[in-house]
Amino acid sequence: MKRFLKIYLEKPELAGLAFLVVLTLVFQVRSDGVFLNAQNLQGILGLLPEMGLVAIGVTLLMICGEFDLSVGSVFALTPMLMAILMEGGTPFILAFPAGLAAAAAVGFANGFLTIRFSIPSFITTLGMLFVVRSITVVVSGGFPPFLPADALPKWLFTVYVGPAGLFRLSVFWFLAVAILVSLLLTRTNFGNWVRATGGYLPAAQSMGIPTARVKTACFMICSVLAGFAGTIQVIRLGAPLPSLGEGLELQAVAAAVIGGTALTGGIGTIFGGIIGAALIRVIDNGLVLSQVDANWFKMAIGFLTIFAVVANSWLRKKAKSIKVET
Amino acid sequence: MPEPIIQVGDLHKWYSGVHALKGVSLDIYANEALGLIGDNGAGKSTLINILSGTQRQDDGWIRLEGQPVDFSNPRDAMERGIETIYQYNSMVPTMTIARNVFIGREPLKFSLFGIGVMDHKKMRDDSVSAIADVDLHLRSPDAIVGELSGGQRQGVAIARAMHFKSKVMILDEPTNHLSVKETKKVIGFVRGLKDQGVTGIFISHNMHQVFECCDRVVAMARGEIVMDKRIEETSIEEVSEIL
């Protein structure tokens, strides 16, 4: 038990990973072997990057001690701006960074408002959720821009590759970003500052860390990743809708929390956030394949989120009491 | 008397109408251990915050080794050799010892615009030796600071300050929340600073502790210095009366 607790304390995301394996087995049995066949894996892996990228950003920001509810709206705004520019004749190579720049601007605004007026980022980004969604609907004029089928570089982001066409290219973009952000957090001095800022702000400040800049940078990374994820989804679907990504912000928070990230900041890993995102996708897909009414999906995610936090805090307390004995 | 290492002159600080420092002037000499005492709101913390770069004076000047300095953030003060150890210590409980020792001063293998890859091995090795240097024994540099006792945390904070070769170490009520045994260790450490060529500024509520480890005692009240004497020229009774 002690040993288990020690491993858990050092790597809380492993509990999520174990649960993911168990669920996979359960769904595999319940679906008579359909769950792990190539076609279904193709489906799961095709959708995972879009939510996973958002979860990576949200996890990083939560480790830094802040919160972003506007990612779902940024997820829609970024590709919408890109598509409008492209409809007007701008090539993809310019319209794509322009969309991401807009996402970065939203992230900067989130950080600036939160820090300058020292208000909870929950409030700033809740406001931004509405503002950005509204902008997205208004600029689209209610009619999504029309893009010719070959305008979007599907070959760069969403075509199927690999054995049996198992992977969409977006999986590799997702993995690359995951590895990069993970290294940023664990290997660089910036990562050390992020953890310090989220772990105990007064200490970070007294050691001279530019905490305002660190937080703003995390807000911006989070927004840009959400925008990138939205862009990938639009490339996959072929057309931007102003309603994309609604409810995604809460799923992303759920993913981070399920993966062991603490709401109070300082604790968590990018890998954990990804595990959380994968769990959500697997549950979504597995319930359908097990012929359970799809409306139970949100129920399952809800229970899992609460369970994860309760289990985390219980295990942490338990581990502490054991340490006192030794 | 040698040249003062720190001189402050006519420092003033106002907080929304409250005059927290009313023209404080003080010379601190190299290698002395200075005890700074006073009641809550006497201005000790304000003075210390200005010296450590956390706050800025509204008026007045500071000289470090004869040169005028103006700290706009804690980093400036740290780079000039002034390290501060706070009451609610400057450690992040969710991070490892090695990471804590090097917060904001991480050794980098290479960097671009100030962001780079940390040298984890150097961080671990150096923190082990830094901790051993202050006579503290800890299992591993990878232990989470939140698992340490209050005294051990202060020990790591002190080890960090020594590792970065501070000239002046400010200890802001470092013995609060510590057990008797751990307090003794911190007091012993302050007493030993002299031998390492470090000037100490020790802030405390507890006069016995100040008399135990300091050469000189400065008392503050209502934003002013009300007493400044060598330890051997005064007594606990006299200081209590003045406060």
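Consider only pairs whose beta carbons are under 8 Å apart and that are at least six residues apart or on different chains; among these, list those whose first residue lies in the range A:257-278 and is within 14 Å of chain B (Cβ to nearest Cβ) and whose second residue is surrounded by 24 or more Cβ atoms within 10 Å (Cβ to Cβ) and basic (Lys, Arg).
Pairs found: A:266/A:195.
Residues of the range B:85-101 being within 8 Å of chain A (Cβ to nearest Cβ), buried (at least 24 other Cβ atoms within 10 Å of the Cβ) and β-branched (Val, Ile, Thr), which ones?
Across the range B:85-101, the qualifying residue is only B:92.
Would you mind stating whether residue A:55 is among the small types (Gly, Ala, Ser) and in contact (Cβ under 8 Å) with a residue 24 or more places away in the chain?
Against the criterion (among the small types (Gly, Ala, Ser) and in contact (Cβ under 8 Å) with a residue 24 or more places away in the chain), residue A:55 qualifies.
Confirm whether residue B:189 is under 27 Å from residue B:102 (Cα atoms) and either within 14 Å of another protein chain (Cβ to nearest Cβ) or not in a helix (DSSP H, G or I) (or both).
no
Quick one: is residue B:141 more than 26 Å from residue B:191 (Cα to Cα) and away from every other protein chain (no Cβ under 12 Å)?
yes
Please state which one of A:238, A:302 is surrounded by fewer than 22 Cβ atoms within 10 Å (Cβ to Cβ), small (Gly, Ala, Ser) and at positive phi.
A:238
Let me confirm something: among A:188, A:211, A:197, A:216, which residue is among the β-branched types (Val, Ile, Thr), farther than 16 Å from residue A:273 by Cα and more than 13 Å from every other protein chain (Cβ to nearest Cβ)?
Of A:188, A:211, A:197, A:216, the one residue that is among the β-branched types (Val, Ile, Thr), farther than 16 Å from residue A:273 by Cα and more than 13 Å from every other protein chain (Cβ to nearest Cβ) is A:216.
Okay, residues lined up against (1) within 17 Å of residue B:84 (Cα to Cα); (2) outside any strand (DSSP E or B); (3) without any contact (Cβ under 8 Å) to a residue 24 or more places away in the chain:
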residue: B:6; (1), (2), (3): yes, no, no
residue: B:12; (1), (2), (3): no, no, no
residue: B:20; (1), (2), (3): no, no, no
residue: B:26; (1), (2), (3): no, no, no
residue: B:31; (1), (2), (3): yes, yes, no
residue: B:34; (1), (2), (3): yes, no, no
residue: B:37; (1), (2), (3): yes, no, no
residue: B:42; (1), (2), (3): no, yes, no
residue: B:45; (1), (2), (3): yes, yes, no
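Out of the residues in the range A:17-58 that are more than 12 Å from residue A:280 (Cα to Cα) and aromatic (Phe, Trp, Tyr), state the one that is modelled with the highest pLDDT.
Per the stated criteria, the residue is A:27.
Residues B:159, B:130: which one is under 25 Å from residue B:187 (Cβ atoms), surrounded by 19 or more Cβ atoms within 10 Å (Cβ to Cβ) and free of Cβ contacts under 8 Å to residues at least 40 places away in the same chain?
B:130
Looking at (1) small (Gly, Ala, Ser); (2) surrounded by 21 or more Cβ atoms within 10 Å (Cβ to Cβ); (3) free of Cβ contacts under 8 Å to residues at least 40 places away in the same chain, find the lone condition where residue A:72 falls short.
(3)
Considering B:239, B:218, which residue is within 28 Å of residue B:18 (Cβ to Cβ) and in contact with a Leu (Cβ under 8 Å, 6 or more places away or on another chain)?
B:218
Given the residues B:116, B:104, which is the only one that is at the interface with chain A (Cβ under 7 Å from one of its Cβ atoms), surrounded by 17 or more Cβ atoms within 10 Å (Cβ to Cβ) and over 20 Å from the mean Cα position of the chain (by Cα)?
Only one candidate qualifies: B:116.
Kindly list the number of the only condition in (1) within 29 Å of residue A:199 (Cα to Cα); (2) surrounded by 15 or more Cβ atoms within 10 Å (Cβ to Cβ) that fails for residue B:225.
(1)
Of the residues that make up the range A:282-300, is at least one among the aromatic types (Phe, Trp, Tyr) and under 20 Å from residue A:111 (Cβ atoms)?
No, that holds for no residue.
Residue by residue through the range A:196-221, note down the ones that are crowded, with 19+ Cβ neighbours inside 10 Å and among the basic types (Lys, Arg).
Passing the criteria: only A:215.
Output the helices (runs of 4 or more DSSP H) that fall wholly within the range A:105-195 and possess 1 or more residues being without any contact (Cβ under 8 Å) to a residue 24 or more places away in the chain and buried (at least 16 other Cβ atoms within 10 Å of the Cβ), or say none.
A:121-140, A:169-187
Any idea which of (1) within 22 Å of residue A:136 (Cβ to Cβ); (2) part of a helix (DSSP H, G or I); (3) touching a Gly at 6+ places or on another chain (Cβ under 8 Å) is the one residue A:68 doesn't satisfy?
For residue A:68, the exception is condition (2).
Can you tell me which residue within the range B:72-83, out of those that are within 15 Å of the chain's Cα centre (by Cα), more than 7 Å from chain A (Cβ to nearest Cβ) and not basic (Lys, Arg), is nearest to residue B:190 (Cα to Cα)?
In this case the residue turns out to be B:83.
Considering (1) touching a Ser or Thr at 6+ places or on another chain (Cβ under 9 Å); (2) within 18 Å of residue A:73 (Cα to Cα); (3) not in a helix (DSSP H, G or I), say which one residue A:218 fails and leave the rest.
(3)
Being loosely packed, with under 15 Cβ neighbours inside 10 Å and in a helix (DSSP H, G or I) is the filter here, so list the residues in the range A:3-33 that pass it.
A:3, A:4, A:6, A:7, A:10, A:18, A:21, A:22, A:25, A:26, A:29
So residue B:75 clears everything in (1) part of a loop (DSSP other than H, G, I, E, B); (2) surrounded by 15 or more Cβ atoms within 10 Å (Cβ to Cβ); (3) not hydrophobic (A, V, I, L, M, F, W, C) except one condition, right? Which one?
Evaluating residue B:75 over (1) part of a loop (DSSP other than H, G, I, E, B); (2) surrounded by 15 or more Cβ atoms within 10 Å (Cβ to Cβ); (3) not hydrophobic (A, V, I, L, M, F, W, C) leaves (1) as the failure.
Would you point out which residue out of A:36, A:77 is among the hydrophobic types (A, V, I, L, M, F, W, C) and assigned to a helix (DSSP H, G or I)?
Within the list A:36, A:77, the selection yields A:77.
To keep it simple, each residue is scored yes or no on (1) touching a helix residue (DSSP H, G or I) at 6+ places or on another chain (Cβ under 7 Å); (2) under 30 Å from residue B:184 (Cβ atoms); (3) of a type in the set (S, T, N, Q).
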{"site": "B:95", "(1), (2), (3)": "yes, yes, no"}
{"site": "B:106", "(1), (2), (3)": "yes, no, no"}
{"site": "B:109", "(1), (2), (3)": "no, no, no"}
{"site": "B:112", "(1), (2), (3)": "no, no, no"}
{"site": "B:135", "(1), (2), (3)": "no, yes, no"}
{"site": "B:145", "(1), (2), (3)": "yes, yes, no"}
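Any idea which of A:170, A:182, A:206 is more than 8 Å from every other protein chain (Cβ to nearest Cβ) and touching a Ser or Thr at 6+ places or on another chain (Cβ under 6 Å)?
When all the criteria are applied, what remains is A:170.
The values are calculated or read from the model by the stated rules, or taken from the named source; none is laboratory data. Just so you know, these numbers come straight off a predicted model, no measurement behind them. As a convention, Cβ positions derive from the backbone with ideal geometry for all residues, glycine included, and neighbour counts pool all protein chains shown.
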